[in-house]
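The values are calculated or read from the model by the stated rules, or taken from the named source; none is laboratory data. Computed from a predicted structure; not experimentally measured. Glycine also receives a Cβ, built like all others from the backbone with ideal geometry; neighbour counts cover every protein chain displayed. Accessible surface is based on the protein model in full, side chains and every heavy atom, while ligands, DNA and RNA are left aside. Shrake-Rupley method; radii C 1.70, N 1.55, O 1.52, S 1.80 Å.
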Amino acid sequence: MSRPTAPVSRRSTKTEYIETDTGNKISRRAYIEGKQNIMLGGKTVIMAGVHLRGDLCRKPEPAAEGEKEKPNTTAISIGRSTVVSTNTTVRPPMRLHKGQMTFIPMRIGDNVFIGPNSHISSASISSHVYVGANCVLSPLCIVKESSKILPNTVVPPGMTVPAGTVVGGKPAKILGEVGDGWGQGGGGEGEEWVEGGDLRALVRSVK
Amino acid sequence: MTTSFPSTHYACPCSDLTSAPPPPSSKRASIQPTSFQVNEEQAFNPHSPRADYTLYPLDHLLFCDECDEIRCPRCWTEEVLYWYCPHCLFEVPSSAVKGDGNRCSRSCYDCPSCTSPLAVTQISQRDEALLRPSDAAGGNETYVLQCHYCDWSTLEINVHFNKPTKITEQLVKQRKSRTSGSKENVSSEKAAITHDDAFANLTNFYEDQLNETVEPQNAYPGSPYSSPANLARIMNIYGGLSHNALKKTREKPQPMREARGHAEGQTSFSANDSDTGIIQRLQSFGWDATTTSEQCLSAPVNNDTRFTDDLWPSATRLRTRRAKRCKSCRHIIARQEPKVGSMRYKIRLLAMNYIPRLSIRPLNPTVTTTNPAFHLRPDMPEQEKLQPHQTKQYVLTIRNPLFETVKITLATPTTTPGKVASRVTILCPSFTVGPAGEVWDEALSASTQSASSDGGRKAAMASLTGSSESSDRQPEAGKIWEKTRNSTSVVVEIIPGSLRPPPSIVPKTEEELADAELKEDDDVLEVPVYVRAEWETEVKPGETVQGRKEVGGMAGEKVRKEVGYWVALGIGRIAG
């Protein structure tokens, strides 16, 4: 899997985005901590001002004498063609487990759009999810497939957003369901991209 | 109304077919002359109050391929595939829903004051634990339901649990003990029975009444004959007096009576109690301590609750997943896999795969317009307002999802309906759009701009002339602007009208002034466009032709098909 901040001097240093071998585009102005704990699926965009807190991961148990150091645990894993817009913070949630605060690895699926100025702390976000601007996804909430979170929503801690629903409000309530054609159409050459659909065209347009 | 522009909404043509509005009485018509017709003679008015119930984004519409019609929530019927709890995502069998109501019976509870989910939290009672010997401390853990959003917890209603599982049972037990306890406190014959008890008593009473008056279903329970009704008839014919008749002759049938007394569920108003207490509480705690109507309606237990301190956690309401059926031909047009959380479809006939799709954008955009849903940066420029009386040109693109070349005819009223009349001209209202092909076909044509079909050649020509990129190229009347393999673009000229009415010499009456006053969203410029698509398709062998709009029907023969529908194109807001 790709390392986010791959060799800096691959291209001319003028461009805003560093493109990795798998097609991830990472802004030079993104703040990435603990990059060894972050997995990007390829063709994923991390925009300027994004905070990725990969350093917040479960501390590996100290290796016993003579054993090899365990490989790094993953703190954040992001799928393919996912877009994390500007000034969004992605912070793995933590919880009390057997009397100790531990961080839970966070999983974000494919073709997820996360709007600007959001705070993402959920346990998992499935594929084809649309998160609007200025949202707060509180710790340990679970966002299921093909759901839509309207702009300026606060998803309360521990809430499950079921597949195919539209949620909004502070705190978030289930307001409705996405249409049967959610994510269909668009995404083709020269067509506009649609929410919940294939985001490859959008990723391509980011320069 | 839409908040982001440009937008396209499609009107389902069902409203003039299925539910024609009842002819309004002359009185009503004079008050509300907003006519709502979706027929070809009169233009569809997107500002009409009923238009909101007809306009849908394209991804919400389905298509019935038997009737060849667009289908919207008003012209499909839904049937429940399964019930599920949105919190624990477990499927609930329909028998359980019928028996226990539409609430999750697991440990899923919502906060009564803010509706977010409650979590079981362990609380440590330190002061007590310190007094105890340390080895006994294991047994006295207590749990509460806590809302992590607004910090409400069941401690506020003084409820805690001994174990973190079987919350529902514990909660019901506590509720029961509490309500029965309160009854003992009043301890008179006129004890205020709770709503639920009264309801249960009433149900019992009326069931008894019904049983007494109505003939029992099975008068001969011991017989091996399977149909009791038939058996009763046979016995009537051959057996002389039946069991029922004997019973009837013995006692006169009494008319059903109403409940009397508490045991039968009667409740009477008593003026003596509790009102003064409520008033005192209201005086001391104020308005903020009272419940809102949403809080009261969150669960039946909270229906009569007056103060937020008495709110009871409400069990999470179940949700359904539904299949859709065409109302007229009863065919299923959308059906998901019957599995919770799965978004895969078994059948899905989307309108966007059957009807030409429209999209509009400015001809010379000042800012690059993308889908406004995809704001990538917070500092996106504000949506520009349209200046009145300034001609602007837009490119209207029609995309064809069908595998046949489609002939498109566009029609629009010259001035938009509504308070603000804007002038609209479609420079080329009738043209053809090439067929959609396979994915690899698309990929080929996208890279080389050449396709073998007739539409493709034209497209290639158009793209060649277009690609010479004469920036001074002017849109001409009667000519299409751009053409690709399965899409055609034409230019639309729009002159936004003025929000202020034109000055007049004659002083206006009050009525006219009130009429001219703009209401919310009257400044939104929406252009109704009637799209008619015609194409020819081959009848597949073995397929029966039923549609009204088809003529002929032999296998292998060409059949003409057409669809027509209104589209409301949201352009923007007009500057005042």
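Could you figure out which of (1) assigned to a loop (DSSP other than H, G, I, E, B); (2) open to solvent by less than 50 Å² (accessible area, probe 1.4 Å) isn't true of residue A:184?
In the conditions (1) assigned to a loop (DSSP other than H, G, I, E, B); (2) open to solvent by less than 50 Å² (accessible area, probe 1.4 Å), residue A:184 misses (2) alone.
Could you list all residues from segment B:351-365 that are surrounded by 19 or more Cβ atoms within 10 Å (Cβ to Cβ) and at the interface with chain A (Cβ under 9 Å from one of its Cβ atoms)?
Those that are surrounded by 19 or more Cβ atoms within 10 Å (Cβ to Cβ) and at the interface with chain A (Cβ under 9 Å from one of its Cβ atoms): B:351, B:352, B:357, B:359.
Yes or no, residue by residue, for (1) open to solvent by 30 Å² or more (accessible area, probe 1.4 Å); (2) more than 10 Å from chain A (Cβ to nearest Cβ):
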{"position": "B:46", "(1), (2)": "no, yes"}
{"position": "B:54", "(1), (2)": "no, yes"}
{"position": "B:84", "(1), (2)": "no, no"}
{"position": "B:98", "(1), (2)": "yes, yes"}
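Looking at A:114, A:104, A:149, which is the one that is modelled with pLDDT of 90 or more and more than 16 Å from residue B:374 (Cα to Cα)?
A:104
Would you call residue B:425 more than 17 Å from residue B:488 (Cβ to Cβ), part of a strand (DSSP E or B) and at pLDDT 75 or above?
Answer is yes for this residue.
Restricting to segment B:323-346, count the residues that are under 14 Å from residue B:78 (Cα atoms) and not small (Gly, Ala, Ser).
11
From the list B:144, B:159, which residue is more than 14 Å from chain A (Cβ to nearest Cβ), crowded, with 16+ Cβ neighbours inside 10 Å and modelled with pLDDT of 90 or more?
Only one candidate qualifies: B:144.
Among residues belonging to segment B:380-431 that are of a type in the set (Phe, Trp, Tyr) and open to solvent by less than 50 Å² (accessible area, probe 1.4 Å), point out the one that is nearest to residue B:478 (Cα to Cα).
Ranking the qualifying residues of segment B:380-431, first place goes to B:431.
Here are some conditions: (1) buried (at least 21 other Cβ atoms within 10 Å of the Cβ); (2) within 16 Å of residue B:376 (Cβ to Cβ); (3) in contact with a Pro (Cβ under 7 Å, 6 or more places away or on another chain). Residue A:134 meets all but one. Which one does it not meet?
Against the list (1) buried (at least 21 other Cβ atoms within 10 Å of the Cβ); (2) within 16 Å of residue B:376 (Cβ to Cβ); (3) in contact with a Pro (Cβ under 7 Å, 6 or more places away or on another chain), residue A:134 comes up short only on (1).
In segment A:40-51, what residues are surrounded by fewer than 19 Cβ atoms within 10 Å (Cβ to Cβ) and outside any loop (DSSP other than H, G, I, E, B)?
The one that is surrounded by fewer than 19 Cβ atoms within 10 Å (Cβ to Cβ) and outside any loop (DSSP other than H, G, I, E, B): A:51.
Quick check on my filter: what residues within segment B:86-96 are touching a Cys at 6+ places or on another chain (Cβ under 8 Å) and open to solvent by 60 Å² or more (accessible area, probe 1.4 Å)?
Scanning segment B:86-96 gives a single hit, B:90.
If you go through segment B:56-82 one residue at a time, how many are away from chain A (no Cβ under 13 Å), of a type outside the set (Lys, Arg) and open to solvent by 20 Å² or more (accessible area, probe 1.4 Å)?
So the answer is 7.
Please enumerate the residues belonging to segment B:100-119 that are open to solvent by less than 40 Å² (accessible area, probe 1.4 Å), touching a residue at least 12 places away in the same chain (Cβ under 8 Å) and assigned to a loop (DSSP other than H, G, I, E, B).
Once the filter is applied, which keeps residues that are open to solvent by less than 40 Å² (accessible area, probe 1.4 Å), touching a residue at least 12 places away in the same chain (Cβ under 8 Å) and assigned to a loop (DSSP other than H, G, I, E, B), segment B:100-119 yields B:104, B:108, B:111, B:112, B:114, B:116.
Given the conditions (1) within 24 Å of residue B:85 (Cα to Cα); (2) away from chain A (no Cβ under 11 Å), and given that residue B:329 satisfies all but one, which numbered condition is not satisfied?
Of the numbered conditions (1) within 24 Å of residue B:85 (Cα to Cα); (2) away from chain A (no Cβ under 11 Å), the odd one out for residue B:329 is (1).
Could you say whether any residue in segment B:299-317 is of a type outside the set (Gly, Ala, Ser), within 14 Å of another protein chain (Cβ to nearest Cβ) and open to solvent by less than 50 Å² (accessible area, probe 1.4 Å)?
yes
Just name the residue that is farthest from residue B:316 (Cα to Cα) out of those in segment B:275-298 that are open to solvent by 90 Å² or more (accessible area, probe 1.4 Å) and of a type outside the set (S, T, N, Q).
So the residue we want is B:279.
Within the bounds of segment A:52-66, is there any residue that is crowded, with 21+ Cβ neighbours inside 10 Å and within 10 Å of chain B (Cβ to nearest Cβ)?
No: zero hits.
Filter segment A:156-176 for residues that are touching a Ser or Thr at 6+ places or on another chain (Cβ under 6 Å) and more than 9 Å from every other protein chain (Cβ to nearest Cβ) and give the result.
If the condition is that a residue be touching a Ser or Thr at 6+ places or on another chain (Cβ under 6 Å) and more than 9 Å from every other protein chain (Cβ to nearest Cβ), then A:168 is the only one that fits.
It is to be established whether one or more residues within segment A:142-150 are facing another protein chain (nearest Cβ under 7 Å), part of a loop (DSSP other than H, G, I, E, B), touching a residue at least 12 places away in the same chain (Cβ under 8 Å) and over 17 Å from the mean Cα position of the chain (by Cα).
no
Do the conditions hold for residue A:204, that is, is it touching a residue at least 60 places away in the same chain (Cβ under 8 Å), more than 7 Å from chain B (Cβ to nearest Cβ) and surrounded by fewer than 22 Cβ atoms within 10 Å (Cβ to Cβ)?
No: the conditions fail for residue A:204.
Which residues, taken from segment B:341-350, are at pLDDT below 90 and crowded, with 18+ Cβ neighbours inside 10 Å?
Residue satisfying the conditions is B:343 alone.
Residue-wise test of (1) in contact with a Pro (Cβ under 9 Å, 6 or more places away or on another chain); (2) surrounded by 15 or more Cβ atoms within 10 Å (Cβ to Cβ); (3) modelled with pLDDT of 70 or more.
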| residue | (1), (2), (3) |
| --- | --- |
| B:499 | yes, yes, yes |
| B:516 | yes, no, no |
| B:528 | yes, yes, yes |
| B:546 | no, no, no |
| B:553 | no, no, no |
| B:560 | no, no, yes |
| B:563 | yes, yes, yes |
| B:566 | yes, yes, yes |
| B:572 | yes, yes, yes |
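Looking only at segment B:1-22, which residues are β-branched (Val, Ile, Thr) and modelled with pLDDT of 80 or more?
Correct list: B:8 only.
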